[in-house]
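One structure is given below, encoded as structure tokens.
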């Protein structure tokens, strides 16, 4: 029996940013999100309990929900994602 991963939950900002990217960039970010907890992940210094995933010039700020789903809070370019904060 294969255990199926639950789909991540996206904030409005994350959904809009991802939808505004070209197809190739969208696919790259979606693949990285599907592979979490693998990848270049470090704790997000500004807020306890949040993590940062680095994919090239993009940053994804996320946390784990109680039902073990991923909640994507921010997706943005490197410099802008840190200025937005959580």
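The values are calculated or read from the model by the stated rules, or taken from the named source; none is laboratory data. A quick note: this is a predicted structure, and the numbers were derived from the prediction, not measured. Note that we place each Cβ from the backbone using ideal geometry, even for glycine, and neighbour counts take in every protein chain shown.
Annotations for the structure displayed:
- Of the residues making up the stretch 5-19, at least one is under 14 Å from residue 71 (Cα atoms), in contact with a strand residue (DSSP E or B) (Cβ under 9 Å, 6 or more places away or on another chain) and part of a strand (DSSP E or B).
- For the stretch 68-86, a residue qualifies if it is at pLDDT below 85 and within 12 Å of the chain's Cα centre (by Cα), and exactly one does: 81.
- The stretch 26-47 - residue that is over 12 Å from residue 62 (Cα atoms) and in contact (Cβ under 8 Å) with a residue 24 or more places away in the chain and, of those, surrounded by the most Cβ atoms within 10 Å (Cβ to Cβ): 29
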